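Working notes, beginning with the structure itself.
The values are calculated or read from the model by the stated rules, or taken from the named source; none is laboratory data. Just so it is clear, the model here is predicted, and its values are computed rather than measured. Here Cβ is always computed from backbone atoms with ideal geometry, including for glycine, and neighbour counts include all displayed protein chains. Only protein heavy atoms, including side chains, enter the accessible area calculation; ligands, DNA and RNA are left aside. Shrake-Rupley method; radii C 1.70, N 1.55, O 1.52, S 1.80 Å.
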Amino acid sequence: MQTIGKKNIANFIIAYILSAFGYEFIFFLMTIYVYNLTQSALNVGVFAALTFTPRLFASVYGVVVDRYSRAAVFAAAAGATAVLVAAMSLSSSLIWIYALWLLISLLLTVITTVRTALMTEIMTQDGFLLGNSAVLTSLNCAKMLAPLLAGLATAAFSTAALFVATAAAYLVVAALSRIISLPRHAAAATPRQLLPEVAAGLRYILASPKLRFLIAVAFMWTLSLRLQLPLFVVYVKSFLGGGDQEYGYFMTAVGIGSILGSLAGPWLMKRGSHLALAMAGLTIHYSSFILLAFVQSFYLAAAAVFGGYVFFYAALVGLHSLRDLATAADLRGRVYGSVTAILTPAAIVSMLAGGYLAGRFGADKVLAVAGLTALATLYFLYWFAYRRRAGAAEDRLVPRGQAS
């Protein structure tokens, strides 16, 4: 059994890294492909919107993840993604590209949901700390390396060849997923049971004070700070007076900080209460955004986001572990899918509102107010929506050393 467990972990980690890298690679490639094809920023915006649309229905995908073999779902979604990505090179019709990308985005959302649920079955050491650290480190490495490699690859290979290479990577993911060994899964849900199954995940979230608190914190982070991605480039170029090179360095600081935080998370979380340490990490992260409005040196700003992201991802390891501990194994797909669906509208609103407000008031002020809002709501939720109600009682039900 121990050998099977090690093989499962190895197969899962390789499949996870390849699928995470594949997503970042294909997203970057598609952005360039659509823009080169149309020379229209609006069409790139439509492409980005299509990426988010399937996430609104992630609760439904969660039912599939819970009611079928998670390894089989991972394999099927990766295999179908490989076919559709390869098909992307067969036509330059914008309607065809949008239709294919909508289906690919749906499958990628399924993959994201099932990967998280699989991790909780395969990597259970230290209350999921090591598993969450490994997957967050993989995600952040992919975010850093995939765009860099994709940019270099586009100069050396045709777009069609890169689509085929990405498809091959997803076929490897599908093959690795098929040989992951898991316990028997629950009986499959019928179409008539679909809505009740989705509702079961939402009811489970509402019944757990800890999950309600964690998801509320995630929602406010998303609503307040998801705008950072389109705003960072404006902040560096307009407020700090930098150029493309400085923006690249700035985002590299974010990436390196994220990786170091993901690696340090398990070590830090073993030094005390997961929740207390995560609250401290989020406090530093949110404060770094407030600091950006008062820093006019590029190097100090880069240092601020570097430190903020080290503590953010260290906190995220602990928060994700608390989420996994608080969620029943047979409901994780539905719960995680519901979380994705809940957070998606907040992400869309944040990016749209952030761009509009930055144009009127400046990216520095918007980032600072966003950080202050996230910080204030974090402590409001902790004291009034969690600690003063059922948080303390629920904490006592969790073994010491596993959660707060």
Cα extents of the chain per principal axis, largest first, Å, are 53, 50, 40
Kyte-Doolittle mean at least 0.0 and Cα axial length at least 18 Å: DSSP H helices in the chain: 2-38, 70-87, 94-122, 129-156, 159-178, 194-207, 209-225, 244-269, 274-292, 298-325, 332-361, 363-380
Reduced Cα scattering model of the stretch 56-122, Debye log10 I(q)/I(0), q = 0.18, 0.21, 0.24 Å⁻¹: -0.66, -0.82, -0.97
Report the extension gain between ALA199 and SER92 in nm, rounded to one decimal, defined as 0.36 nm multiplied by the number of residues separating them, less their alpha carbon distance. 34.5 nm
Given a 1.4 Å probe, the accessible area of the stretch 207-300 per residue, as a whole number of Å², is 43
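Pulled fully out, how much extra length does the chain show between ALA207 and ALA72, if you take 0.36 nm times their separation in residues and subtract their Cα-Cα distance? Could the numbers behind the result be given before it?
Values: separation 135, 0.36 × 135 = 48.60 nm, distance 3.00 nm.
Stretched out fully, the ALA207 to ALA72 stretch lengthens by 45.6 nm.
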Taking the Cβ of LEU227 as the center, what net charge do the other residues with Cβ under 14 Å away carry, scoring Lys and Arg +1 and Asp and Glu -1? +2
Probe 1.4 Å - accessible area at VAL64, Å² to nearest ten: 60
Surface/4 estimate of mean projected area, convex hull on alpha-carbon atoms of the stretch 313-356, nm²: 3.8
At 0.36 nm per residue, minus the direct Cα-Cα distance, what do LEU372 and ARG271 gain on full extension? Give it in nm, one decimal, please. 33.6 nm
Counting only heavy atoms of the protein chains, get the accessible area per residue of the stretch 74-145 (1.4 Å probe) and round it to a whole Å² value. 33
If unit charges are put on Cβ atoms (+1 for Lys and Arg, -1 for Asp and Glu) and the dipole of the chain is taken about its Cα centre, the option from GLY22, THR340, LEU292 lying farthest towards the positive end turns out to be THR340
For the stretch 250-380, radius of gyration divided by Kirkwood radius, i.e. Rg to Rh on alpha-carbons: 1.01
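Would you work out what percent of the accessible area of the chain, with all protein chains in place, is carbon or sulfur (probe 1.4 Å)? Provide the component values of the computation, followed by the final result.
Numbers: 12670 of 18140 Å².
Carbon-and-sulfur percentage of accessible area, whole number: 70.
Give me D for the stretch 221-278 in µm² s⁻¹, whole number, from Stokes-Einstein with Rh from the Kirkwood sum over alpha-carbon pairs, 20 °C and 1.002 mPa s. Working shown, then result.
Values: Rh = 13.5 Å.
The estimated diffusion coefficient comes to 159 µm²/s.
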With no solvent and one equal point scatterer placed on each C-alpha of the stretch 7-83, evaluate the Debye formula and give log10 I(q)/I(0) for q = 0.16 Å⁻¹, two decimals. -0.78
Radius of gyration and Dmax for the stretch 99-141's Cα atoms, expressed in Å? 12.9, 43
Using a Gaussian network model of the chain whose springs link C-alpha atoms within less than 10 Å, name the residue from ALA156, ALA168, ALA146 with the highest mean-square fluctuation. ALA156
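For ILE32, ILE179, give me the order by solvent-accessible area with a 1.4 Å probe, most accessible first, ignoring ligands, DNA and RNA.
Greatest to least solvent exposure: ILE179, ILE32.
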